[in-house]
Structure formats: structure tokens, C-alpha cells
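This report refers to the structure that appears directly beneath it.
The values are calculated or read from the model by the stated rules, or taken from the named source; none is laboratory data. Here the structure is a predicted model, which means the values were calculated and not measured. Glycine also receives a Cβ, built like all others from the backbone with ideal geometry; neighbour counts cover every protein chain displayed. Heads up: the accessible areas ignore ligands, DNA and RNA and are worked out on the full protein's heavy atoms, side chains in. Shrake-Rupley method; radii C 1.70, N 1.55, O 1.52, S 1.80 Å.
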Amino acid sequence: MSGQRTLGFVSTFILCFITWIAFTLAFTVQEILGGLIVSFLVSLISSRFLIHEDPLYLFNPSRLLGALAYIPLFIRELVKANIDVAKRSLNPKLPINPGIVKVPTELKSEYGLAMLCNSITLTPGTISMDIVEEGGKNQIYIHWIDVQSKNPKEAGDMIKGSLESGVRRIWK
Amino acid sequence: MILLRIIIDALFLIGGFFALAGVVGVIRMPDSYCRMQASTNTATLGALGILAGTSLYGFFVLNSLAIGVKSIVIGLFILFSNPVASHAIARAAKRCGVYMLNKSGCDQYGRDNPQ
């Protein structure tokens, strides 16, 4: 096992153990021992799927600050989109105009793309369906409940809004 | 203390309202993809509002660290697992050729991946 792989294993193990502690919150010997064994087995199997890049990439002051700043940004977008879709589904006329648009993104890293797509899907009204690479840029297919623009650039600005710049402060 | 109860009840009310809106949307929407859009309502603000309320209730009313922390962890699990599932369902449905209401005439996935 190389150094990178070992570091990945250790960080997955710590993540699993913290999750276990948060879920049980019982500090007895048998609980802790069981948690250690389970997180060892889980991280043995799954650490190479979870961590492909530098495991300590996130532990950098500016990236941690970016991650903290992303939380209020995301909650604001979430509430806005939820109110919008709730209004649409309660409206007697059902004002929807669905379609699938293709939107370019500047992000390159796996984690950044995953975070952006998850944020897009979590805000109601948009679901990210697929990612393809075309001409050195990643393109996301998005199902949009109210298509306001078929132009990729404009649609991208409307859907991603401030989310992408927030994600870019954390991942490449 | 009364202010805290008002905040907790308001969170429950918000969660319940968005869950109701999600259910109404699931019944009324015309195709599977739009139904999934409405059901994200229930999963995000519906469940998260109620879980935020329970965590506050656990921390400050029951004085139990376990209930508060568990509610937060459950909320995080929903945040991580729900989008992956709905992405996989939407992609599989589109690839199998499930009917899609194409009102806007804009189906760029179907254009690029003809069946």
C-alpha cells in the first residue's frame, strides 16, 4: 500500500468512526469496540472508492471557509426553489413547461461535479440526469420543470446561479 | 422557553406544509419526471424542517444530546443519499424511454442520445 492509499484508508476510518459515535452516542466499551471493528472493515473495502485524490485537499483554511460559506448560500437557494415548486403544484392551472437542457460547467474534479449535481438535484425544479465530456468541458443534462431559455449559457446561469461559484471556491 | 416552543412549532409547520405540497404535486403532475421534481419538496424542506425541529426539541426541551445529534445525522444522510437516488431514477427512466411530457419542445438529452 502506498502512502496516499494509507492516508486515504485512515481518513475514511476516522470519518466512519465519527459517524458511528454521532449515531450511538453511548460511550461504553462494547459500543466503542464494535464501532472500531465495523469502521475498520468498512474503510478496508470502501476507501479506494471514496478517495481518489489527495485526502487532505480540503484541510486548507480558504477551502474550509469556502465550505462554511456554501451552507447559507445553499439553504437560501433551497428555500427559494422549494417555495417556487410548492406554488406550482398547488396552483389550479399547474403552470409547468418541462424539458431537458444541456448546460456547460467549468468544474473539473469529481468531487466538485458531484457536489454541484447534488445541489442542483436537491433544489426542487431541477434534476441533473447525466454528465458528458465534450470539447474539454463537462456538460450536465438537467431536467427543468420550467424551461425559460434553451440557450445553454443563459439556462446555466439561471439554474446554477451562485451555486457554481460557491462550489468553485472549494473544489477545482 | 415559550419563544423556543414557538420556533419549534413553526419549523414543524413549515415541514408539514412542504410535505403536503409535495404530495399534492406527486398526484397532480403529468409525467414521472415532473412527479420526481415535486417529491424533492418532501425530501428536502419537508423532512429537513421537521428534523431541525426535532433536534431543537431534543437539545433544549428533553435535554438529551442523543436525540438532537441523531436528528442532525439523519438530515445529513437525507442530503447525501436523496439526490443520488433521484439522479439514478431519472437517468434510467429516460434511457428506458419512459414517457416525458415535452411541452417546451426542448429535449436535448433525447436529441444527443437517439434510441
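If the requirement is being touching a strand residue (DSSP E or B) at 6+ places or on another chain (Cβ under 6 Å), within 27 Å of residue B:46 (Cβ to Cβ) and among the β-branched types (Val, Ile, Thr), which of these qualifies: A:100, A:71? Before the answer, list the steps.
Values: A:71 fails: touching a strand residue (DSSP E or B) at 6+ places or on another chain (Cβ under 6 Å).
Testing whether each residue is touching a strand residue (DSSP E or B) at 6+ places or on another chain (Cβ under 6 Å), within 27 Å of residue B:46 (Cβ to Cβ) and among the β-branched types (Val, Ile, Thr) leaves just A:100.
Please specify each residue of the stretch A:25-35 satisfying the condition of being closer than 25 Å to residue B:75 by Cα and either loosely packed, with under 13 Cβ neighbours inside 10 Å or modelled with pLDDT under 85 (or both). Full working, then the answer.
Restricting attention to the stretch A:25-35, the residues satisfying the condition of being closer than 25 Å to residue B:75 by Cα are A:25-27, A:31-32, A:34-35.
Selection gives A:25, A:26, A:27.
Can you tell me which residue among B:55, B:39 is of a type in the set (Ser, Thr, Tyr) and closer than 21 Å to residue A:143 by Cα?
Answer to the selection: B:39.
Pairs please, first residue from the stretch B:94-115 and open to solvent by 100 Å² or more (accessible area, probe 1.4 Å), second anywhere and small (Gly, Ala, Ser), Cβ atoms under 7 Å, 6+ apart in sequence or on different chains.
Close Cβ pairs (under 7 Å, with a partner that is small (Gly, Ala, Ser)) amount to B:115/B:97.
Collect the residues in the stretch A:147-172 that are of a type in the set (Lys, Arg) and in a loop (DSSP other than H, G, I, E, B), keeping them in residue-number order.
Pass one, the stretch A:147-172, residues of a type in the set (Lys, Arg): A:150, A:153, A:160, A:168-169, A:172.
Within the stretch A:147-172, A:150, A:169, A:172 meet the criteria.
Just to verify a result, which residue in the stretch A:147-159, among those that are more than 11 Å from residue A:98 (Cα to Cα) and open to solvent by 60 Å² or more (accessible area, probe 1.4 Å), is farthest from the other protein chains (Cβ to nearest Cβ)?
Selected residue: A:157.
On the given criteria, is residue B:33 among the aromatic types (Phe, Trp, Tyr) and surrounded by 18 or more Cβ atoms within 10 Å (Cβ to Cβ)?
Values: among the aromatic types (Phe, Trp, Tyr): yes; surrounded by 18 or more Cβ atoms within 10 Å (Cβ to Cβ): yes.
Against the criterion (among the aromatic types (Phe, Trp, Tyr) and surrounded by 18 or more Cβ atoms within 10 Å (Cβ to Cβ)), residue B:33 qualifies.
Considering only the stretch A:37-51, I want to know if a residue exists there that is of a type in the set (Val, Ile, Thr) and open to solvent by less than 60 Å² (accessible area, probe 1.4 Å).
Here is the first cut: in the stretch A:37-51, the ones of a type in the set (Val, Ile, Thr) are A:37-38, A:42, A:45, A:51.
Then drop every residue that is not open to solvent by less than 60 Å² (accessible area, probe 1.4 Å), which leaves A:51.
Within the stretch A:37-51 (the criterion being of a type in the set (Val, Ile, Thr) and open to solvent by less than 60 Å² (accessible area, probe 1.4 Å)), the answer is yes, since at least one residue qualifies.
So that you can scan it fast, the table gives a plain yes or no per residue for (1) assigned to a helix (DSSP H, G or I); (2) touching a residue at least 40 places away in the same chain (Cβ under 8 Å); (3) open to solvent by 40 Å² or more (accessible area, probe 1.4 Å):
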position	(1), (2), (3)
A:75	yes, no, yes
A:79	yes, no, yes
A:84	yes, yes, yes
A:102	no, yes, no
A:111	yes, yes, yes
A:119	yes, yes, no
A:124	no, yes, no
A:127	no, no, no
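What's the number of the condition residue B:80 fails, among (1) more than 9 Å from chain A (Cβ to nearest Cβ); (2) closer than 26 Å to residue A:74 by Cβ?
(1)
Go through the residues of the stretch A:130-146 one by one and say whether even a single one is open to solvent by less than 20 Å² (accessible area, probe 1.4 Å), assigned to a helix (DSSP H, G or I) and more than 8 Å from chain B (Cβ to nearest Cβ).
Looking for residues that are open to solvent by less than 20 Å² (accessible area, probe 1.4 Å), assigned to a helix (DSSP H, G or I) and more than 8 Å from chain B (Cβ to nearest Cβ), one finds none in the stretch A:130-146, hence no.
Only one of (1) open to solvent by less than 40 Å² (accessible area, probe 1.4 Å); (2) in a helix (DSSP H, G or I) fails for residue A:55. Which number is that?
(2) is the only condition that residue A:55 fails.
May I ask you to say which residue of B:76, B:101, B:56 is among the hydrophobic types (A, V, I, L, M, F, W, C), touching a helix residue (DSSP H, G or I) at 6+ places or on another chain (Cβ under 6 Å) and either closer than 29 Å to residue A:94 by Cα or not in a loop (DSSP other than H, G, I, E, B) (or both)?
Values: B:76 fails: touching a helix residue (DSSP H, G or I) at 6+ places or on another chain (Cβ under 6 Å); B:101 fails: touching a helix residue (DSSP H, G or I) at 6+ places or on another chain (Cβ under 6 Å).
After applying the criteria, what remains is B:56.
Would you check if there is a residue in the stretch B:54-73 being more than 9 Å from every other protein chain (Cβ to nearest Cβ), more than 26 Å from residue A:86 (Cβ to Cβ) and in contact (Cβ under 8 Å) with a residue 24 or more places away in the chain?
Yes, there is a match, as at least one residue in the stretch B:54-73 is more than 9 Å from every other protein chain (Cβ to nearest Cβ), more than 26 Å from residue A:86 (Cβ to Cβ) and in contact (Cβ under 8 Å) with a residue 24 or more places away in the chain.
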